[in-house]
Structure formats: structure tokens, C-alpha cells
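The next block holds one structure in the form of C-alpha cells; read it before the comments.
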Amino acid sequence: MTFIMLIKSVGLMGETFQLSFAVFCPACNESYNYKVFIDKEKYRLLQEKEVGGVVSFFFDHRSHLLEVSLNGKGDVVEVKAVPWMQAPEGVTVWRRETPYFPVLSSSFDALFINRRRRVYCDVNWRDDALSFIPLAEGGRTAKYIVDGREYWVLAHGDNVVVVKRSELWRDEVFNRLAVLVREFRGSNVSADPAFQRIFLSVLEASADDPYIALDATRLVGDLGKTVSINLDLVMLSPVPFGGELVELLSSVDYEAAVDFLVLSASGIREMVKLLKTYRLLKNLNIIKVVE
Amino acid sequence: MCHLLVPFLMLRLYYKTRERLGRFWSAEELAQITYTSYLTLIMEKIGLLSFLEDPRSFEEVKEFVGGVRREDVLRKLLEVAVKGGVLQADEDGFKVDRSGVARVKALKGQIDYFEDEDVVYRAAETYLPKTAVEVLKGAEKDRSSPEVALTYYWHDKSSIFKLGREMLLVMGGKGRLRGKTVLDVGCRFGTEPALILEFLDYDCRLIAADFYPQVVDECMQKEVNVNGEVRRLFELENVSFVTLDPYVKEKFPLEDASVDVVYTFQVLQWYSSVQRIIEEFSRVLKRGGILLVGIPLKKTDEVTAQDVFYALAGGYRGFTVEEFKKMLKRAGFTKIQIFRSSFVVARKK
């Protein structure tokens with residue numbers, strides 16, 4: 001049995017919608033409850049279509065992918081367990097991945113790769129992604145010159161981010177970005193929209209603020225956790241956090257997943273504010289990690 | 001250069017108070033009005049002033065606040081409010097004096113420091129009333145409590161605190177402090193270490209210390225401008241950080257006779273363990289080392305609005321000049337000088 005609930009979050013999510021549904025995975029022989037987020041555009045498309053899965057979501061079940069398709073009425077119309085592709089010996093198969101939540105559009109190039117899963121996300125990569133994946137194969141943090149341009153490969157475990165260096169960034173930004181990638185505790189950087197949003201915001205702000213990557217490590221380290229927010233103090237605190245951020249924090253219902261906070265920030269500017277103040281908010285005990 | 005401005009800034013303060021209040025006001029008088037106004041605001045925000053439109057007994061006030069476990073603090077609050085002219089007391093009980101309230105508010109408006117926002121007043125206007133009620137109900141508050149931490153954050157940005165910090169450094173003597181090891185106890189969110197470093201042209205070894213790890217963490221990230229380049233404090237080779245136990249159940253993690261100067265500004269009055277903290281200062285200071293303390297001391301032992309405010313905001317109390325001198329002597333300090341009941345310089349024997 002499946003069901004679906006469409007909730008337009010008031011305030012915090014702004015133009016974003018949350019879908020909650022339960023599905024039965026034929027491969028695992030188990031039921032799962034999922035929550036996903038879609039943006040307004042996707043929601044509109046979903047509403048316009050009548051039947052036939054118009055929106056598909058993929059969930060990693062280790063030995064296979066679960067593909068869930070929803071129609072315009074919000075019904076789950078198809079559930080498929082898709083086995084992992086087994087690459088023939090000596091042949092590398094890479095699969096392009098799109099996170100379940102729209103990532104920010106950035107003027108900087110970043111390619112998010114997971115080596116073990118052979119997946120990559122090139123939403124913010126303007127070159128041919130497959131040509132650059134070999135830089136990540138070794139799983140080492142390094143700098144490369146390709147056609148006279150500097151590329152930074154930031155690796156930790158199976159996760160690798162390739163960045164085209166901007167001339168506006170100082171050299172130390174490299175180390176700080178490497179630390180940022182190391183701080184990511186999730187399993188797959190190419191499918192993680194919260195991390196990608198943070199990383200891209202950091203790239204955007206690094207020219208003006210070379211410490212932004214360092215500040216962002218605190219937020220990245222808390223991805224996957226839940227925080228409580230002292231709303232009284234958020235409301236009463238005047239200037240330091242800025243109006244937009246106060247609005248963002250005060251629209252949270254006391255407790256929130258850190259990922260949810262990140263995905264709720266409406267754009268680069270708000271993201272950067274969140275990254276810059278997150279440590280302070282924690283150190284003032286206005287935000288507390290509860291789990 | 002900024003330390004050269006201090007005498008001028010002090011003169012400006014004097015001039016301002018004379019201009020606005022008709023004569024020079026002592027630090028104690030200014031403190032009395034300021035802290036009475038904070039308490040008045042707190043009483044107003046928790047509805048106590050409205051409740052006292054009719055005379056009420058202490059028991060009725062207690063019942064109004066509800067669940068009071070710190071009767072002593074509530075009693076003192078009412079006492080200092082009577083003393084400050086905000087309440088009247090007679091055999092019928094306590095009653096608000098509306099003209100007194102108006103007078104306190106008007107005076108406060110006239111002395112708002114340096115025409116800056118008074119951050120503590122803002123705190124008293126906003127979240128401290130809730131804190132005060134919690135304290136009256138028995139809650140323990142310290143700098144690890146969010147609202148107290150936020151007040152400290154604001155303190156970090158206060159211009160009157162900046163002036164006070166500079167004054168204390170001037171009293172320590174610039175030449176004497178250069179090249180020395182300075183322990184800054186109560187580094188807060190980094191403004192104070194940054195000021196000390198700048199004052200000494202970065203020519204010192206600075207140990208930034210605070211009683212809570214999250215405060216030290218924030219301090220480490222404070223940005224300073226070194227030779228035109230923005231750096232964070234943790235990156236500077238001559239700066240290190242320690243977290244201290246405010247109750248001194250454990251010694252400070254510093255060697256005996258390892259520092260030349262201990263600097264602490266507006267910190268000690270928040271802790272009940274002051275004597276033990278001062279003894280630790282003495283232990284870590286070298287022979288002849290300098291202790292520089294910024295602390296609001298009182299001339300007499302009577303309970304002041306300042307004491308009650310500290311208690312309600314989660315702190316401890318103010319000390320008298322004599323009490324504080326005795327504590328210093330007991331810990332082995334000599335050549336004790338106290339200026340304006342606020343700035344203390346002493347030497348380790």
C-alpha cells in the first residue's frame with residue numbers, strides 16, 4: 001500500500017514542497033518511508049500532468065536502486081528495483097546523477113564524484129565531465145593543470161570534488177576546500193544536495209572571504225544531524241544574524257534537520273549568511289545539536 | 001595610537017555627564033542609575049510594576065512571580081527598587097512609584113553612554129526578563145546559558161567596554177607589557193585579545209583564556225589585521241588558547257610562574273569562586289608579575305542595583321573595594337592600586 005502527502009511548508013521552505021510517501025521495495029521485500037523535496041517548477045509540472053510517472057526519485061539500496069515514479073495526483077504509479085550495473089572487467093562505467101533537490105546554480109565549476117559507486121553530478125560543470133573524471137580516479141587531493149587551467153581535486157574516501165580554480169581565489173582556499181570535503185560524513189557527495197549547496201556557496205564567496213570554507217566546515221560536519229533552535233533568542237536578537245537569517249531560523253518549528261535548514265536557504269546570499277553565522281549560533285547555544 | 005585617545009575619551013565622558021546631568025557624576029552614581037533602569041525594565045516586562053499599582057506584601061509579590069526559590073534575590077530586588085525610587089514601601093507593602101519610574105527612565109536617557117546603543121539595556125528590554133524569572137525560580141545561569149552568552153557577545157562590541165579595556169592596558173603600561181607573556185582571562189569572542197595584540201603591536205605572547213570551550217572556539221576565529229593582512233587568531237604563532245575551570249576544581253592548565261601579566265576585564269563578578277581564581281592568577285604569575293583587573297567595585301557593603309542585576313542575569317555579585325583588596329592580599333599580591341573603583345593593578349610578591 002502506498003500513500004502520498006503533499007505539504008507546502010509555510011515560510012521556511014518558501015517555494016519548496018515536501019513529499020512524503022511509503023513504498024514497498026520488491027528487492028528488499030520491505031516498506032520504506034521517504035521524504036523528498038521538490039521545487040516549485042517541478043511541483044507545477046507534477047500538477048499539470050494527469051497520469052504516468054512524471055517525477056521519478058531514486059533511492060540507493062546498496063545492492064540496487066529503487067526508482068519511484070509519481071503522477072500528477074500524487075500517487076505512486078511505479079516502483080522499480082534497478083540492479084547496479086556490473087561493469088565488464090577493465091571497462092569503467094560512470095553514471096550521471098541528479099540530486100533529489102535542486103542545487104544552486106553557480107558561476108563556478110564543480111564536479112561531484114563518488115568513485116565506488118561510479119556516479120557523478122555535473123549540474124555545475126560546464127566542460128565534458130567524463131574527460132575530467134580520470135583526475136579523480138586516484139582518490140588523491142591534488143592540483144592539476146589541464147590546457148593551461150588549474151583544476152583542484154579534493155578527495156576524501158570515495159568522494160571527490162573537482163573544481164576549476166578561479167583566479168580570484170587565494171592559494172590557501174585549496175587547503176580549506178580540502179578540509180571542507182574531508183568534513184563531509186555522508187556516503188555520496190554526488191547525490192547530496194545539501195553538501196553541494198554548501199560547497200557551491202563557498203566557491204561563490206571565496207574570493208571575498210577566504211575563510212568561508214573554514215566556517216562552512218562546521219555546518220558540513222553537522223549534516224545529517226538534528227538541531228534545536230532557541231526561537232525566543234532568534235526573535236529577540238537584533239542585528240548580528242541579519243533579517244533574512246532570523247526569518248529562516250524563526251520559521252523552523254523548534255527542531256530541524258541541518259540538511260533541511262540548508263535546503264531552505266533561498267539563495268547564495270542566504271546560504272553564505274548561514275555558513276558565516278552557524279558556528280556563532282552554536283557557540284551562543286542558540287542552535288544546539290540534539291541528535 | 002588608540003591608547004593615546006583614552007584621556008580624551010574620559011574627558012569627553014565627564015563633559016557629557018556634566019552637560020546632560022548638570023554636574024559630574026561619579027562612576028557609582030552612573031552605575032546606580034544605569035542598573036536601576038535595567039531592573040525597572042525587567043520588572044516592567046515581567047508585569048511586576050503593573051501588579052504593584054496597588055500595595056502588595058512580599059508574599060503576594062512572591063506568589064505573583066510564582067515558584068520563587070531565590071527569595072533572597074527577590075527581596076533584594078524590591079529593596080533596591082525602593083532605594084532607587086521606583087517602588088515605595090510602607091506597612092501596606094510595596095507599591096510602584098510612577099514618577100520615580102519616569103525619573104529613572106529620563107535619567108537613563110540622558111546618560112546613554114557615548115550615544116551608542118546600550119546593549120545591556122537592549123538585553124533587559126528583550127530576553128533578560130525571562131532569564132530573571134528563571135533565576136528567581138532557582139535556575140542556574142552562567143555564560144554557557146544562551147541568553148547570558150548573547151549578552152557577552154554584545155559586551156564584546158560595546159564601545160564603553162573598549163574604552164575600559166584600553167584604560168586597563170594604559171594602567172598596565174605599554175612599555176612594561178611588550179614582549180611579555182600575557183594571560184587574558186575572559187577572552188570572550190576575541191575582541192579583547194585583538195585589542196591587546198594591537199595595543200602591543202603584536203609584540204607579546206598572548207594566552208587567550210575563557211571558562212567555556214564554545215567561547216574559546218569563537219575567540220579562535222576572530223579576525224585581526226596583521227600588517228595589512230587579515231588573519232584569524234588561531235593562525236598567529238604568538239597566540240594560544242586555554243579553557244579554564246571557573247570553579248577551579250582543577251588548576252588552570254598553566255605552569256607555575258609562567259606568565260608575566262594576567263589581564264581580566266569585567267569577568268570576576270560573575271563567579272562565586274573569585275578567591276580561588278585570584279589564587280590561580282597568583283600561582284601562574286611570575287614573581288613581580290602584573291595583575292590587571294577591570295571589575296565594578298563598591299565603596300560600601302550595601303546591596304546595590306548592580307548586585308541584584310548581576311544576580312538576575314546569572315552572575316554573582318559586586319565586591320567592595322576593601323573586600324577585593326583583602327582577596328588580592330590573601331593570594332599574595334602587593335602594591336595594589338585601585339582607580340575609580342573599577343580598575344585594579346597589583347604585583348605578585
Starting from residues that are basic (Lys, Arg) and assigned to a helix (DSSP H, G or I), keep the ones in the stretch B:136-185 and report whichever is farthest from the other protein chains (Cβ to nearest Cβ). B:176
Only one of A:151, A:144, A:120 is assigned to a strand (DSSP E or B), touching a residue at least 40 places away in the same chain (Cβ under 8 Å) and among the hydroxyl-bearing types (Ser, Thr, Tyr). Can you tell me which? A:120
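Residues that are within 14 Å of chain A (Cβ to nearest Cβ) and surrounded by 15 or more Cβ atoms within 10 Å (Cβ to Cβ), at least 2 per element: which strands (runs of 3 or more DSSP E) completely within the stretch B:192-252 meet that?
B:229-232, B:239-243
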Of the conditions (1) more than 18 Å from the chain's Cα centre (by Cα); (2) surrounded by 21 or more Cβ atoms within 10 Å (Cβ to Cβ), residue B:149 satisfies every one except a single condition; which number is it? (1)
Can you work out which of the residues in the stretch A:191-211 that are assigned to a helix (DSSP H, G or I) and small (Gly, Ala, Ser) is surrounded by the most Cβ atoms within 10 Å (Cβ to Cβ)? A:201
Residue A:132 vs. criteria among the aromatic types (Phe, Trp, Tyr), assigned by TED's automatic domain parsing to the domain that holds residue A:165, outside any loop (DSSP other than H, G, I, E, B) and modelled with pLDDT of 90 or more: yes
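Table: residues versus (1) acidic (Asp, Glu); (2) in contact with a Gly (Cβ under 8 Å, 6 or more places away or on another chain).
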{"site": "A:195", "(1), (2)": "no, yes"}
{"site": "A:204", "(1), (2)": "yes, no"}
{"site": "A:217", "(1), (2)": "no, no"}
{"site": "A:227", "(1), (2)": "no, no"}
{"site": "A:234", "(1), (2)": "no, no"}
{"site": "A:246", "(1), (2)": "no, no"}
{"site": "A:251", "(1), (2)": "no, yes"}
{"site": "A:255", "(1), (2)": "yes, no"}
{"site": "A:261", "(1), (2)": "no, no"}
I need the full set of residues from the stretch B:191-247 which are in contact with a Ser or Thr (Cβ under 6 Å, 6 or more places away or on another chain) and closer than 23 Å to residue A:282 by Cβ, in order please. B:212, B:213, B:216
Filtering the stretch A:274-291 down to residues that are modelled with pLDDT of 90 or more and more than 18 Å from residue B:146 (Cβ to Cβ), which residue is farthest from the other protein chains (Cβ to nearest Cβ)? A:274
Which members of the stretch B:136-172 meet the condition of being without any contact (Cβ under 8 Å) to a residue 40 or more places away in the chain and over 30 Å from residue B:62 (Cβ atoms)? B:153, B:154, B:156, B:157, B:162
Filter the stretch A:165-192 down to the residues that are closer than 14 Å to residue A:206 by Cβ, out of contact with any strand residue (DSSP E or B) (no Cβ under 6 Å at 6 or more places or on another chain) and in contact (Cβ under 8 Å) with a residue 12 or more places away in the chain and list them by number. A:166, A:168, A:169, A:170, A:172, A:173, A:176, A:179, A:180
Filter pass, residue A:194 being in contact with a helix residue (DSSP H, G or I) (Cβ under 8 Å, 6 or more places away or on another chain) and either within 14 Å of chain B (Cβ to nearest Cβ) or at pLDDT 90 or above (or both): yes
Which ones in the stretch A:168-190 are hydrophobic (A, V, I, L, M, F, W, C), away from chain B (no Cβ under 14 Å) and assigned to a helix (DSSP H, G or I)? A:174, A:177, A:178, A:180, A:181, A:189
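The values are calculated or read from the model by the stated rules, or taken from the named source; none is laboratory data. Please read all numbers here as calculations on a predicted model, not as lab measurements. Neighbour counts are summed over all protein chains in view; Cβ atoms, including those assigned to glycine, are modelled from backbone coordinates with ideal geometry.
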